[in-house]
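The values are calculated or read from the model by the stated rules, or taken from the named source; none is laboratory data. Being a predicted model, the structure only gives us computed values, none of them experimental. Here the Cβ positions follow ideal geometry from the backbone for every residue, glycine too, while neighbour counts run over all protein chains shown. The accessibility values were calculated without ligands, DNA or RNA, using every heavy atom of the protein model including side chains. Shrake-Rupley method; radii C 1.70, N 1.55, O 1.52, S 1.80 Å.
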Amino acid sequence: MSLIKSINARRVWDSRGNPTVEVDVILENGVLGRAIAPAGASRGTREAIDLRDGGPKLRGKDIQNALASVNGPIASALRGMDASDQAEVDAAILALDASALKETLGGNATVATSLAVLHAAATDARKPLWRHVADHYNCTPSLPLPEIQIFGGGAHAGRRVDIQDFMVVVPGAFSFDEVMEITSEIYFAAGDIMAQRGKLAGVADEGGWWPMFDSNEEALETLVAAIEKAGETPGKNVAISLDIAASEFGSNGKYRLALEDREMDSGALIDMLGRWMDAYPILSIEDPVGEDDRDGMIEFTRRFGDHVQIIGDDYLVTNANLVKEASSDAACNAVLIKVNQAGTVSESVETFMAAQAAGWGAIVSARSGESEDTSISHLSTGLGGGQLKVGSFQRSERMVKWNECLRIQDELGAHSFVGGAPFKGTWWDRA
Ligand code: PEP
Ligand code: MG
């Protein structure tokens, strides 16, 4: 048992150049655990709040108040606690903040502290983080199946296209390493096609190509062309995954695709996505309707839930109660796990477990604002059986997480790769 001796927060900078919280947890035996809070751009309204200072300095984004939360009340409450008791530590953090969305302490303060404690406990146990997570939560570790962005859109690319993430999954791959190789070929094939057609504007927030498409569907056509140019058969080894992030372009059942100057209600949006799923090999679709569109999500799941993965992100905000509620509604069949939406490791793992109990998939995810922190590579491996969403195949804050999985692959063995298992029962499995 190693007790927490001190906790110290510092200001560091994320992949968008915004200030963020880094926390060092030091145990009495000198062991250090360190983690950095990520930050989302397309945020659910029910996720934990990032505490930012406001005012003119740093565009209101400074985090001195969040640093004060860690260095003050959180450090005082956690000093002397057993770092290996993650549930107790997280309960102590929660006891300091009675607000619904952690607006008192700041979700950025709580998540960096909670993850830093997890790192300290793993190092103290002389285990890699993934192993510590697996042992601590009694899970069978496995390397996740990545979903990797090829084009960015929505809030991550100046809203140049309405849909936020155009991604590929490689459920037919035999190893994590093979996923990286195939995705690299597709990513650069896509870049070449876009450059030839005059559609390439640069690189978006998560490393995907910043597109200049004339319609959202043009992205799907280009993605299929890129998969073929890379020598793969769309729908066989490689399939498409979309994050519609519909809350970014609609509410109250009304949606507006700005690129195409089209307005539609929930039913028309669902029909459009249905047509896309008929025409393109789409295996997974995230937030197909807005976070407030419960009827739409139930209808979407009723129509398509038996053959594609339907992920709730803004819709479920890594909240175990919302997962349970959606499961009894038969809305969604998978959940995105973003540790900073919940605000602590324990709440995130609880949500992961609620998804497993519901027979759902779970996709551990980065945020669009990231750093060199690789905690999520370990979390998804340690919890096992799942998928990992990190962004694209460029920019170091993304590649550091894929590369960490390759190191874990060497420790755990290539056979531990989950492969297409998350897509059992979908059209891909039946094909
Ligand atoms: C997402 O919506 O899945 C995402 C990663 O974006 P952000 O971090 O901006 O919420
Ligand atoms: Mg999302």
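Considering each of Gly274, Gly253 in turn, give the residue that is touching a helix residue (DSSP H, G or I) at 6+ places or on another chain (Cβ under 7 Å), away from ligand 2 (no atom under 14 Å from the Cβ) and on the phi > 0 side of the Ramachandran plot.
Only one candidate passes the filter, namely Gly253.
If Glu103 satisfies all but one of (1) closer than 24 Å to Val133 by Cα; (2) away from ligand 1 (no atom under 16 Å from the Cβ); (3) among the charged types (D, E, K, R), what's the number of the condition it fails?
Checking Glu103 against (1) closer than 24 Å to Val133 by Cα; (2) away from ligand 1 (no atom under 16 Å from the Cβ); (3) among the charged types (D, E, K, R), the one that fails is (1).
Test of understanding: among Val161, Val224, which residue is assigned to a loop (DSSP other than H, G, I, E, B) and either modelled with pLDDT of 95 or more or of a type outside the set (Gly, Ala, Ser) (or both)?
Val161
Give the stretch 322-333 a look and list any residue that's open to solvent by 10 Å² or more (accessible area, probe 1.4 Å), touching a residue at least 24 places away in the same chain (Cβ under 8 Å) and more than 16 Å from ligand 1 (Cβ to nearest atom), or say none.
Lys324, Ser327, Asp329, Ala330, Asn333 - these are the residues of the stretch 322-333 that are open to solvent by 10 Å² or more (accessible area, probe 1.4 Å), touching a residue at least 24 places away in the same chain (Cβ under 8 Å) and more than 16 Å from ligand 1 (Cβ to nearest atom).
Gly369: under 27 Å from Asn321 (Cα atoms), open to solvent by 20 Å² or more (accessible area, probe 1.4 Å) and either out of contact with any Ser or Thr (no Cβ under 6 Å at 6 or more places or on another chain) or touching a residue at least 60 places away in the same chain (Cβ under 8 Å) (or both), yes or no?
Details: under 27 Å from Asn321 (Cα atoms): yes; open to solvent by 20 Å² or more (accessible area, probe 1.4 Å): no; either out of contact with any Ser or Thr (no Cβ under 6 Å at 6 or more places or on another chain) or touching a residue at least 60 places away in the same chain (Cβ under 8 Å) (or both): yes.
No, not satisfied.
Among all residue pairs at least 6 apart or on different chains, which show Cβ distances below 9 Å where the first residue, located in the stretch 18-39, is outside the structural domain of Ser375 (by TED's automatic domain parsing) and the second is more than 16 Å from ligand 1 (Cβ to nearest atom) and of a type in the set (Phe, Trp, Tyr)?
Qualifying pairs under 9 Å: Pro19/Trp13; Thr20/Trp13.
Condition check ((1) out of contact with any Asp or Glu (no Cβ under 6 Å at 6 or more places or on another chain); (2) open to solvent by less than 20 Å² (accessible area, probe 1.4 Å); (3) outside any strand (DSSP E or B)) across all residues:
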residue: Gly385; (1), (2), (3): yes, no, yes
residue: Val390; (1), (2), (3): yes, yes, no
residue: Phe393; (1), (2), (3): yes, no, yes
residue: Arg398; (1), (2), (3): yes, yes, yes
residue: Trp402; (1), (2), (3): yes, yes, yes
residue: Leu406; (1), (2), (3): yes, no, yes
residue: His415; (1), (2), (3): yes, no, yes
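Going by what's in this entry, would Thr301 be described as part of a helix (DSSP H, G or I) and either in contact with a helix residue (DSSP H, G or I) (Cβ under 9 Å, 6 or more places away or on another chain) or not assigned by TED's automatic domain parsing to the domain that holds Ala109 (or both)?
yes
I'd like the residue in the stretch 341-366 that is within 13 Å of ligand 2 (Cβ to nearest atom) and outside any strand (DSSP E or B) and, out of all such residues, is surrounded by the most Cβ atoms within 10 Å (Cβ to Cβ).
Gln341
Of all residues in the stretch 134-166, which are within 28 Å of His415 (Cα to Cα) and more than 18 Å from the chain's Cα centre (by Cα)?
Correct list: Ala134, Asp135, His136, Tyr137, Asn138, Cys139, Thr140, Pro141.
Go through (1) free of Cβ contacts under 8 Å to residues at least 24 places away in the same chain; (2) buried (at least 24 other Cβ atoms within 10 Å of the Cβ) one by one and return the number of the condition Gly106 breaks.
Gly106 satisfies all of (1) free of Cβ contacts under 8 Å to residues at least 24 places away in the same chain; (2) buried (at least 24 other Cβ atoms within 10 Å of the Cβ) except (1).
Check whether at least one residue in the stretch 286-307 is open to solvent by less than 10 Å² (accessible area, probe 1.4 Å) and in contact (Cβ under 8 Å) with a residue 60 or more places away in the chain, and report yes or no. Full working, then the answer.
Taking the stretch 286-307 first, the residues open to solvent by less than 10 Å² (accessible area, probe 1.4 Å) are 286-290, 296-297, 300.
Adding the requirement that they be in contact (Cβ under 8 Å) with a residue 60 or more places away in the chain leaves 286.
Checked against the condition, which is being open to solvent by less than 10 Å² (accessible area, probe 1.4 Å) and in contact (Cβ under 8 Å) with a residue 60 or more places away in the chain, the stretch 286-307 yields at least one hit.
Only one of (1) open to solvent by 60 Å² or more (accessible area, probe 1.4 Å); (2) part of a helix (DSSP H, G or I) fails for Val70. Which number is that?
Only one criterion in (1) open to solvent by 60 Å² or more (accessible area, probe 1.4 Å); (2) part of a helix (DSSP H, G or I) is unmet by Val70, namely (1).
Would you pick out the residues in the stretch 312-346 that are of a type in the set (A, V, I, L, M), out of contact with any Pro (no Cβ under 9 Å at 6 or more places or on another chain) and within 25 Å of Leu101 (Cα to Cα)? Walk me through how you get there before you give the answer.
Let us first name the residues in the stretch 312-346 that are of a type in the set (A, V, I, L, M), namely 316-317, 320, 322-323, 326, 330-331, 334-337, 339, 342, 345.
Still in the running and out of contact with any Pro (no Cβ under 9 Å at 6 or more places or on another chain): 316-317, 320, 322-323, 326, 330-331, 335-337, 342, 345.
Across the stretch 312-346, the qualifying residues are Leu316, Val317, Ala320, Leu322, Val323, Ala326, Ala331, Val335, Leu336, Ile337, Ala342, Val345.
Would you check if Glu263 is in a helix (DSSP H, G or I), out of contact with any helix residue (DSSP H, G or I) (no Cβ under 8 Å at 6 or more places or on another chain), without any contact (Cβ under 8 Å) to a residue 12 or more places away in the chain and not hydroxyl-bearing (Ser, Thr, Tyr)?
Taking the combined requirement at face value, the residue does not satisfy it.
If you go through the stretch 212-220 one residue at a time, do you hit one that is farther than 15 Å from Met167 by Cα, in contact (Cβ under 8 Å) with a residue 12 or more places away in the chain, in a helix (DSSP H, G or I) and more than 16 Å from ligand 2 (Cβ to nearest atom)?
Checking the stretch 212-220: not a single residue is farther than 15 Å from Met167 by Cα, in contact (Cβ under 8 Å) with a residue 12 or more places away in the chain, in a helix (DSSP H, G or I) and more than 16 Å from ligand 2 (Cβ to nearest atom).
For the subset of the stretch 131-158 comprising residues that are assigned to a loop (DSSP other than H, G, I, E, B) and away from ligand 1 (no atom under 16 Å from the Cβ), which member is surrounded by the fewest Cβ atoms within 10 Å (Cβ to Cβ)?
Here the residue is Asn138.
Would you point out the residue of the stretch 10-32, among those that are more than 22 Å from the chain's Cα centre (by Cα) and open to solvent by less than 10 Å² (accessible area, probe 1.4 Å), that is nearest to ligand 1 (Cβ to nearest atom)?
Val25
Under 8 Å by Cβ, and 6 or more places apart or on different chains, what pairs join a residue from the stretch 419-431 that is part of a helix (DSSP H, G or I) with one that is open to solvent by 60 Å² or more (accessible area, probe 1.4 Å) and acidic (Asp, Glu)?
Pairs found: Phe423/Asp429.
Take the stretch 44-58 and flag every residue that is within 18 Å of the chain's Cα centre (by Cα) and either surrounded by 22 or more Cβ atoms within 10 Å (Cβ to Cβ) or hydroxyl-bearing (Ser, Thr, Tyr) (or both).
Of everything in the stretch 44-58, those that are within 18 Å of the chain's Cα centre (by Cα) and either surrounded by 22 or more Cβ atoms within 10 Å (Cβ to Cβ) or hydroxyl-bearing (Ser, Thr, Tyr) (or both) turn out to be Gly44, Thr45, Glu47, Ala48, Asp50.
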